[in-house]
Structure formats: structure tokens, C-alpha cells
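The values are calculated or read from the model by the stated rules, or taken from the named source; none is laboratory data. This structure is a prediction, so every number in the text was calculated from the model and none was measured. We place every Cβ from the backbone using ideal geometry, glycine too, and count neighbours over all the protein chains shown. Side chains are part of the model used for accessible areas, which takes the heavy atoms of the whole protein and leaves out ligands, DNA and RNA. Shrake-Rupley method; radii C 1.70, N 1.55, O 1.52, S 1.80 Å.
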Amino acid sequence: MIPQNAGLKEPVVLKPYLMKHMYKDPKFIIILRNPTDRLYSDYIFLNRGDSPQSFHKDVLRAVQIEEGCMRNNSVRRCLYSLDVSRQLPTSIFIGYYSVFTKEWLNVFSREYFLVLRTEDYNNGMEGSLREVYDFLKLNYTDDFLRKIARIPHMHVTEKKKKAGPMLEETRILLNNLYRPYLNELADILQHRKFLWLT
């Protein structure tokens with residue numbers, strides 16, 4: 001929706017370009033979650049559906065729409081298309097992390113980014129906070145980090161509890177869909193943890 005992109009098949013000016021003109025020495029902290037789990041959580045949280053079965057049906061439809069677009073267009077065009085995103089019954093496009101990461105790294109060098117995983121944060125908040133404070137070059141004490149880490153941070157809604165886990169066939173479908181993009185992301189970020197293999 002940036003004016004310089006009007007009438008173009010693919011955007012040429014994206015948020016990273018605009019931010020480059022605004023900030024001289026930015027620090028970006030990105031926290032990513034396994035895209036399959038993120039999509040299901042988003043689906044239930046945003047009231048797009050309320051069961052693993054409705055999620056499966058909507059994932060099949062979203063995959064069909066994305067694949068239909070990608071048969072005749074670039075992945076990039078399909079992921080940035082408002083027309084395509086408005087048709088999708090799920091936010092499936094968000095999980096193509098490598099495509100979006102490359103956009104940012106085309107504008108800013110890797111040193112400006114700290115990329116964390118939600119799973120690591122949930123399993124070791126104190127270590128994740130240490131990474132953030134170090135990245136931002138902020139002073140802290142171990143006692144301070146422990147105090148913050150003791151604050152309850154897990155949030156599971158009643159809707160998600162009621163819905164239950166996603167169907168295994170949906171998980172397999174999404175894992176296979178996202179696999180090439182996670183492989184690319186792990187290469188870009190030079191760490192296998194972004195493969196979400198376990």
C-alpha cells in the first residue's frame with residue numbers, strides 16, 4: 001500500500017526501506033515461533049475457527065489459494081498480495097519467514113538483528129532476556145533477570161484449551177509446506193534451531 005508500489009505486480013519499496021531513512025543505528029529484535037504452531041494458535045485466538053477440523057479445512061483452502069497464485073507468480077508476489085491475503089481463511093503466509101527475513105537483510109546488515117525463538121524464551125526466559133539486554137548493550141544484574149523471569153508469562157486461552165491439539169495430518173501438511181522456507185531461514189541465520197526439527 002506504499003504509493004511507490006502502486007500498479008506494480010510486486011512491491012519494490014517495503015517497510016525496511018522506509019525505516020532505513022528514519023533510523024541510523026536501529027536494533028531489531030525478532031521472536032519467531034514454529035510456524036505450524038503459530039498458525040494454529042493465531043487461528044483459534046482470532047476466532048477464525050474453533051476446532052482442529054475447521055482448521056484443517058481452512059488450511060487446505062489456504063494452501064490451494066497460495067499454490068494457485070504461485071503457479072503463475074513468484075512466491076514474493078503471492079505473499080505480498082493484498083488480493084491473495086484477503087482470500088485466505090488463515091494467515092498461512094506469515095510462516096514463510098525466510099522470504100520476509102531476506103527483505104530486511106537486503107536493507108540492514110545482520111548485526112542489527114537479534115532473532116530469538118518463542119520456544120527458547122518459554123523454556124529459558126532468563127537466558128533470552130540476557131541475550132536481549134546484551135544485544136541492546138543495557139546494564140543488568142543476574143538478580144534483576146531472575147526477578148523478571150519469575151513473572152508468569154505463559155498464556156493459554158480457554159478457546160485453545162477447548163479446541164485441543166491440531167490434527168496430526170494438518171501438522172504434517174504444514175511442516176512439509178514450510179520446510180523449504182525453514183531450511184532457507186536456518187541457512188540465512190546460520191543456526192539449525194530455526195529448522196524446528198523437534
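So, with a 1.4 angstrom probe, what is the percent of accessible area on segment 1-50 that is carbon and sulfur?
Carbon and sulfur: 58 percent of the exposed surface of segment 1-50.
Hey, rough spin-label estimate for Leu82 and Asn47, points 7 angstrom out along Cα→Cβ, what's it come to in nanometres?
The two pseudo-label positions are separated by 2.4 nm.
Please state the equivalent ellipsoid semi-axes for segment 131-190: what are the square roots of 5 times the Cα gyration tensor eigenvalues, largest first, in whole Å?
33, 24, 6
Given a Förster distance of 35 angstrom, what is the FRET efficiency for Asn139 paired with Ile2, based on the Cβ-Cβ distance and rounded to 0.05?
Result of the calculation: an efficiency of 0.35.
Using θ = phi - 60° and the Karplus curve 6.51 cos²θ - 1.76 cosθ + 1.60, what whole-Hz ³J(HN,Hα) does each residue of segment 128-135 get, with Gly and Pro shown as x?
These are the phi-based 3J(HN,Hα) values: 5, 4, 4, 4, 5, 5, 5, 4 Hz.
Just the accessible area per residue of the chain, please: how many Å² with a 1.4 Å probe?
Accessible area per residue, the chain: 61 Å².
What whole-number distance in Å separates the alpha-carbon centres of segment 132-180 and segment 1-30?
28 Å
According to the square roots a ≥ b ≥ c of the eigenvalues of the Cα gyration tensor, what is the shape class of the chain, taking rounded for a/c under 1.5, prolate for a/b larger than b/c otherwise, and oblate for the remainder?
Cα axes put the chain in the oblate bin.
How would you rank 75-86, 90-101, highest first, on the average number of other Cβ atoms within 10 Å across their residues?
Per-residue mean Cβ counts within 10 Å order the peptides as 90-101, 75-86.
For Lys20, which aspartates and glutamates qualify as cross-link partners when the Cα separation must be under 16 Å and same-chain residues fewer than eight apart are set aside?
Straight-distance partners of Lys20: Glu103, Glu111.
Please say if segment 49-140 is rounded, prolate or oblate, where rounded means a/c under 1.5 for a ≥ b ≥ c the square roots of the C-alpha gyration tensor eigenvalues, and otherwise the choice is prolate for a/b larger than b/c and oblate otherwise?
Oblate, since a/c reaches 1.5 and b/c is not below a/b.
Taking the Cβ of Glu103 as the centre, find all other residues whose Cβ is under 15 Å away and add up their charges (Lys, Arg: +1; Asp, Glu: -1).
Net local charge, Glu103 excluded: +4.
What shape does segment 6-82 take by its C-alpha gyration tensor, where a ≥ b ≥ c are the square roots of the eigenvalues and a/c under 1.5 counts as rounded, a/b above b/c as prolate, and the rest as oblate?
oblate
Could you pull out every one of the lysines with an alpha carbon less than 18 Å from that of Lys137, ignoring same-chain neighbours closer than 8 positions?
Lys137 reaches Lys24, Lys27.
Would you kindly derive the ³J(HN,Hα) couplings of segment 19-30 from the backbone phi angles with the Karplus curve 6.51 cos²θ - 1.76 cosθ + 1.60 (θ = phi - 60°), listing them in order in whole Hz, with x for Gly and Pro?
5, 4, 7, 9, 10, 7, 9, x, 10, 10, 10, 10
At 0.36 nm per residue, minus the direct Cα-Cα distance, what do Val107 and Met70 gain on full extension? Give it in nm, one decimal, please.
Result for the pair: 10.8 nm of gain on full extension.
I'd like the FRET efficiency for Arg130 and Ile188, computed as 1/(1 + (r/R0)^6) with the beta carbon distance as r and R0 of 30 Å, rounded to 0.05.
0.80
Can you list residues whose amide H is under 5 Å from Phe28's amide H, if they're 5+ apart or on another chain and H is modeled 1.01 Å from N?
Counting only residues 5 or more places away or on other chains, the set is Phe113, Leu114.
GNM, the chain, Cα, under 10 Å: largest mean-square fluctuation among Met125, Met166, Met22?
It is Met22.
Between Arg117 and residues 5 or more places away or on another chain, which pairs have amide H atoms under 5 Å apart, with H built 1.01 Å from N, and which residues are they?
Long-range HN contacts for Arg117: Leu32.
Using θ = phi - 60° and the Karplus relation 6.51 cos²θ - 1.76 cosθ + 1.60, list the HN-Hα couplings for segment 92-105 in order, rounded to whole Hz, with x at every Gly or Pro.
Once rounded to whole Hz, the list reads 4, 5, 5, x, 7, 3, 5, 4, 6, 4, 4, 4, 5, 6.
Residue farthest toward the positive end of the dipole of segment 1-43, with Cβ of Lys/Arg at +1 and Asp/Glu at -1: which of Tyr23, Pro35, Leu8?
Tyr23
At 222 nm, what helix-only mean residue ellipticity would the chain give, in deg cm²/dmol to the nearest 500, using -39500 (n - 2.57) for each DSSP H run of four or more?
Estimated from H runs of four or more residues: -17000 deg cm²/dmol.
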